[in-house]
Structure formats: structure tokens, C-alpha cells
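Each reported figure results from applying straightforward, stated rules to the coordinates on display, with no laboratory input. Computed from a prediction, not measured in an experiment: that's the story for all the values here. For neighbour counting, all protein chains shown are included, and Cβ atoms are generated from backbone atoms with ideal geometry for every residue, glycine included.
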């Protein structure tokens, strides 16, 4: 046993290790740092066979330092990183008898692990509701098993808080039914070992002020009518309709969004005080920043089973539910008739009741946007999209339109400008805001294929190449954007539209290759084309290749363009549909004559620049700045690798197909709740992100078509915009309650969708980072646009799977409905994630969705994530630590067995003195006889205030033989602290040394000085004593620091 840390300045531990030939060393990492500074450290450590480090976090840098030291010690023939001893990282708190987990660190270690539970110990990583967390997700460490302390001396409340019933007692190898809550946070690695993360932060901070919530509650309880009170911090949205907390929620000017203090109060007496009265009462006692924003009056506070206030169960607001009639009622007015015609056309229904709900009929967010556009065209009013959610029937919508038409004279500004062909006074046509961002990124990374859009199709049947080329030229001539390049004039980027463009379709002949080699070549060429960048200045910005597989009968059609001229599936669908129509007409001998387009993309770009300025732009800025104020810069999902300083676009994809039955259940629930399927899926995915990250303020990006103006539906171009959907998931609402929040978020975002994402980032002055995107890192899209479809006469067309993926975000989800169910495709950054991690994430989301449709009233933090197989692995397999350790024997009995085996062997050494096992046992038996006569016995405390000496070891063993428990009293402690400990423990006797009596305020306890009282002890019998102590009795009671400022005594059993 080395010297205390405070004496190490005068003593070299390395020298002691060499002097005594130490082979096993246990110390803290901090002490090891000190040892490594000693001149003899390398030589001393070379003599070790085992080094155990614990008591605090072990830095990887220290491990590397130990490895480099082995090289300095001249380890000939060893690898540079090979240690001359076995290095163990140990973890465990005082309350679980020192160590609970252990790991052996290998030479190639890149992350220090806490390892696995030791024998007869169980480790659980649980969330705030004692639910096991998935692999990779942060959870608090709970420990169970034989090493658990009984509790804290004289602190039953704290004992109940930290020592909990084990909810998994029956599903594991645990022999004891309790768990200790450590307050440490860790995550499981894939191999079942633990990676330490941090301590749980219990502090509450609001607008820069640190606040004790208990102080506010105590002030409330001073009101004569208040019986009970509790205060929590949550993100809260206040408006006249709902008090559901919606941090980051889109909201109207009548709402206010912020982190807020909420008080819950139970009153007594006949006259219940008003909220204003309670606020006034608080303002007389507390500063303004501690005044709750809202006070909720309750009949009683919810309690946990052990009688404590259950903050997670504090009630959330009631939900507004829409109830719509399904009885068929035909239109009664001309306006209703006209609306019904629009609805039937959009929803592909023969007839619709004026009381039918648009969303229950199959409407979704994309159709809703198209409906608003058609209403604008038909009635010359622009109805906000949120109005459809508030008035989802024909009869209700007709009322809104009539009101807006009546007000049109007084409010001409209610109808925004309509896009018309723009005057092009010069060749300097500006870029749209979205184009400008991609142009800038291309200048920054000129050879990047990040924004290359590629698709490939297998064509089986006779293909007429000349007809296909003519058809392609016709489509290119119809859409100016396909003939557009980008140059710089007067230091600004401009669009340059060529009057015509001849695009050759090269044919690569592969028909002479064997099938397997041909397939490999097809994949290689498709990937090569997808990875090849475009020259935005010189173009063309689309290219087509034809791979001939079997003469004229079988081909692969590679189609690639730059995102700056087309927005993915919508534009690609227009292009391929028109290409198909032109080809069919060519093959019929009558070239298709399509009417000229009323607008071109350049008209839109000019209009956008003119429209988005002044009050319009300022209003959008104001909303989004308020909406995203204080949003987290980063969604901290658990990753398999640290986030690089500069994230690449390297990516891969995983997919999952949800069953048609689950999809239908999700749709039915969405209709019941008055939301779209997109809103339901978004809410569920944000729950998953919250459970993974531990963050309750979650923002994701989502695309919106950006074609809200008449005349844009059939244009090819880059119209799509990105919206940031930020939801507050705090307060543990039910999923149904969360849906209301997410619905409001989405509706407000749709109402303010015209601000280009590029301008939003610019206006918010977001700090840019090469390691992640601004404002969000997860992208979420439900594809309502049909997949691009090529239909050629006499040719079977099949779209080929992508082989090359780029990751624009950490995660990008694309969901597509089909007859087979709901297809979920996830592109992910391979800089951050492994395939197995994404596979688990998708599995957890499926479990979550299945639980949601079963019961949407479940609180979101209680929704299950784990599959049965994962639960078995986490709770049972990784806790299979049972081992027969002679449970009926206590420590002193095991030592007595050792005495019988080697009575003359050296048991303990101190300086120049030593004791054999026989001598140690005899002296301990003699002292134990005395202790028993003083009252020492099972669960009786005996104080030990001794300096390091042979007597210290004799005293500890004697206390255990007497059946009692020892209380260490460090003589270096302040006298006041020792006095408090003695008062708290009330030991029957204290073992000490004469010279320590001056610092030891023993009070009424009997004192035995082992240096001067030994003459009367030596005459006692040396035989082993009979005691009634069992392994369930106390062995020692040791103090550890307490959050209240006073130490807490951990009562550890045998």
C-alpha cells in the first residue's frame, strides 16, 4: 500500500515498487501521471505483470504514454505499442464495493472501454424511465449484483432515490433485486463493452441564470392557499388555443416560444387563488427571471410508486380532435360546385361530399399545396395552406374563399404577384437563389459530384436511336433550362441560354462480353458517369449514354444532369414523360406538337429576385429568425467515429420496407388526428432522433416543391426549397400530443416557405463548419411525386438500382409509398456511421411505429425501441456473469482458510516489520475478543482512526472477526469533519493510536489505543471466534462526497 497522495512529493513510488518487487499495481490515472514523472518509472513499470487503473476516467493519452514508456525501457523484440504488463481499466463507485466492470486494454486500443461487468455483477444502460437504450445510444449506468451496498447511513430518502428495485431482476442472472443509479453516462459498443461518456447534468439554466427550482416551489408554498407545488423547465408555446409546448414551433404573431418555467400547484381551501395572485405572490419574493411563465392548478400532483413527485407524468394539455361527417352532401352553391370539381380531379374521385375531410379522402401535403395553387388560379385569392387544416371540407373552404373575395377590394395585397413572362432587357439573367448556392459550392469544390443527379434504365426491345435523339432534342428545345450554362458578368453569376443545343448520345457496345463481365461493366460505367462532375460555365449540363447489351434488343440508358438545372424527381419526371411522348410520336410517324410553355425557368428566377425584397422579404426573415432562434447548431447523434473536421460526401445506403398493413394503420391514424402521413412519420422520426441523441429540441430539413405559383407545375428547373422543421419534444407528451405540435410546425413552415434556404442561412449568420451542415444535419422526405417513368413503345423499361451514393447530410431519409408498403431508404455518411448502426436505427424506427399505431396515447419517452432479440442481448446475455464464489463465507473466514494453507507465509509488510498469516490471525482474534465484549457484533459500527501500520490491518480484520463493520476515520481530516462523522455513525468503540487522540473528538465512544493498550489485549485467546455474521451483514461503512455538502455514508455488506 503506497503512501497517501499528499506525501508523494517526498516519496518515490517507483523506488518503492522496485524495493519491494511490486508485480501488481492499482491506482488512479492521476496518480499514474505523477508516477510517470519519476526518473525510475520506466524501470519500475517494467517489473509489473498487471496494472489496474480506476477511480476516474482513463484518458487514451495516458495509455499511449504507457505504451511509449515500454519502448524507452528497451523492450527488445516487442511491437512499439506492446505493453510489458497487462493493463486493466476498472470502473465502479463506492456504493458497489469499488469495482463493477473491467476491461483489458490491448496494444491497438483506439477507445478506452469500461469493459464488461465482473463476476456476479449486472450493468444496465437505462433512460430516464428505466428503459434499456439501444447499442450506441447514451444511457445512465445502473449497477446490480452481489457488490451493492445496503444504502446510506441515516439517509433513507437518498437511499430510496439511488437504490432502486431492479425491474429486470427476473430476466437476468441477478441474485439481488436492487439497482444502484450511478449518475454516470455511457453507451454500449457493438461488442457489448461500455464506453464512458460523462456525468448527468442536473443543473437548470435559463437565459444565462442558474436557477434552483426548489426555491421557486418553496416560495409558492408560502402562500396560505398552496398545499403543494413543483416547478419544471420546459419549452413552451403559449397561444389562445393551446398551451402545448412547441420549442422551435412555427407560430403566428399571437404566440410566444421559449424555454419557460412552469409551476404546478395544488391548493387547499374553498377559494382557489388565481394565477395572477400566485404570480404577484412570487414577485414579492423572487427576482423576475425566477417567475414561472405559467402556473397550472391541479387537484393533486402525480406520484411515483415510492411516493415521490413524478415530473414526467405532469399533465400535458388536452388535444383538439376534429370530427367530420362522412354523409354524402352535394354542393349547394356555384362556388362549392367549382371547389368539388377541383377536389375530384386532384383526388381522382368521382364524387365528394361537401362535408368530407380532404385528408381522410387521401389528401397529403403535396396535394394540399396543389389544391391551394388551383384555388388561387380559379378564385384569384391565395388561401394559406394552414387554412386547409383548419377547414378541411368543401363547405368550410368555400366560406373562407367567399370572405377573402369580399375583402379583396380593401386588401389587394392579399393576392401576391403572379409570375408572367419577364422582360429580358439584357443577356444578364440572374440565377435563382437556389441556383446561386449551388453555383457557389461548385466554385468552392469545382470537381465535386455532390450535386450530380443520375438515373439508369434497362431497356428490353427494339430501340430506334435516331428517333430517341430527335425526341431528346425536342425536349431540350422546349425547356430553356436544359440549354443553360452559367458565366460571370461584372463579378456576378448569370444564366446564359443557348438558342439551341445538339446533344449526341454516344453508344457503348458491350454485347460481345460475357454476361457476368457485361454486368460488371454496366455497373462500372454507371458509377463512373455518376461520379463525373459538370463544367457549369461551358456545359452541357446533362449527358446521356447508351450501353448496348444485345444488338438492338437490349440497352442500358444512362441519364445524368446537374442539380442546378433540375430538382430531382419532379423535373426528371417531366423530362422523361415528355421524352417518352415524343419518342412514341416519332415511332408513329407523326412528331408531337406540344404548345409553347407559357413560362421558362429564367422567368421564375427574374420574378423571384423582384418579389423577394422589401416588406415581403422582411416578413419572412422575421418569422424564420424567431422560429430558429436558439436552435441547437448540431444534432448530436451517437456516431461510430468522431466527426471529422471536414466531412466528405462519402456515403452509402440502407433500406427497409414497412408492410402494407402498417402503412394503412399509419394512414388511418393520420386521418383520425387531422394530420398528413408526412406529419405522422416526421413526428415519429423526431422521437427516434430524440431518443438517440438525448436532445429534446430537434430540427430536420425537408424539401418542398417550391412550385406554389401558377405555371410552374410543368417546368423543368431547380424550384425545390428546403424547410427547417424544428420541434420541441420536451415534457414527455403522448405521441398524439406531439402530433399537434408537429402539425403546427409544418403548417407554419408551409406558410413561410417562400424564403429560400440560402437566404435563411445568410440572414441568420449561421456559423459555418466544414464538419456539418448549417441548421440541420438530418434530411427527411416523403415522396408524393411518382417515380420518373419511361414508357417506350414495344420496349420494357426497368429502372436500375443506384450503385453510387453521396451523403449531403449525416442522414437522409426518403420514404416512398407503393403497393408493397412504405419503402424507407437512408443515405448516410460513411465518415460517421457503419452499416450495422443504420440497420439498427431502421429496426428501432419500425418498432417505434408499430407501438405508435397500437397506442398513440403512449408518452414518447416510453415508446419501445428494442426488438425482443436486442432486449435479450442487453438484459440477459451481456449480464450472464453468475459465478460460484462461496457465497456463505465472509472475508475473514476466507482469510482463516488461507491461514490453514500457508500459516508461516508473509501476510503483510510495513516498513521493516512483517506479520505471517498465523501472527496476523492470532492478533486479530485477540482483539476481536475485546471488541465483542464492548458490544461489537453484526451491523454494529466500530470506528478506525489509525495511520498506516501493521496495527491498521490487525484492527480491520479483528472488526470483521467480531462480526462488526468498520468505519474509516482518516486522521488527516479536519477535526470538525471527524466530529460530524462520529456523531453520524455513533460507533460503540474507536480503534486509534495515542498520538491521534488530540485530533479525534470521540465523544462518548469507548477508545482502544492499539499502541498502548496491547498489553491487556495480548492475553486474550488466539482461537478463531464464532460469530453470527452472514454475507448480508455490514462489512464497512465508508463516507463519500454528498451533493448537499455533507458526506454520505455508504453501508457495504460482506
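Numbers for the structure displayed
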| read-out | value |
| --- | --- |
| Label-point separation, residue 531 to residue 655 (7 Å along Cα→Cβ), nm | 2.2 |
| Relative contact order of segment 891-1053, defined on C-alpha pairs under 8 angstrom at six or more residues apart (%) | 23 |
| Estimated FRET transfer efficiency when R0 is 51 angstrom, pair residue 448-residue 218 (beta carbons, to 0.05) | 0.30 |
| Cα-projected label distance for residue 284 with residue 1020, points at 7 Å along beta-carbon direction, nm | 6.5 |
| Cα long-axis angle, helix 950-961 against the chain (0 to 90 degrees, to the nearest 10) | 80 |
| Exposure proxy order (Cβ contacts within 10 Å, fewest to most) of 945, 890, 190 | 190, 890, 945 |
| Order of 34, 690 under a 10 Å beta carbon neighbour criterion, fewest first | 34, 690 |
| Theoretical gain in end-to-end length, residue 503 to residue 894 [0.36 nm per residue, Cα-Cα removed] | 131.8 nm |
| Fewest-first sequence of 272, 531 by Cβ atoms within 10 Å of each Cβ | 272, 531 |
| Rg/Rh ratio calculated on Cα atoms of segment 429-594 (Kirkwood radius) | 1.00 |
| Inter-label distance, nm, simple model (7 Å from Cα along the C-beta direction), residue 762/residue 933 | 9.4 |
| Fraction of antiparallel bridges per DSSP, segment 891-1053 only, in percent to nearest 5 | 45 |
| The chain, relative contact order in percent, only Cα pairs under 8 angstrom and at least six apart counted | 11 |
| Fraction of beta bridges assigned by DSSP in the chain that are antiparallel (%, nearest 5) | 75 |
| Rh by Kirkwood over Cα pairs, then Stokes-Einstein D for the chain at 1.567 mPa s and 4 °C, µm²/s | 37 |
| 0 to 90° range, to nearest 10: angle between helix 569-587 axis and the chain longest Cα axis | 40 |
| Per residue Cα convex hull volume in Å³ - calculated over segment 461-530 | 124 |
| Pairwise FRET efficiency - residue 791 versus residue 622, Cβ, R0 = 60 Å, nearest 0.05 | 0.80 |
| Estimated FRET transfer efficiency (residue 377, residue 349; beta-carbon r; R0 22 Å; 0.05) | 0.60 |
| Length added when fully stretched, residue 227-residue 521, from 0.36 nm per residue minus Cα-Cα | 98.0 nm |
| Radius of gyration, Dmax [segment 852-988; alpha carbons; angstrom] | 23.9, 75 |
| Computed lengthening from residue 130 to residue 1032, 0.36 nm per intervening residue step minus Cα-Cα distance | 322.1 nm |
| Segment 486-514 versus segment 640-715: alpha-carbon centroid distance in Å | 34 |
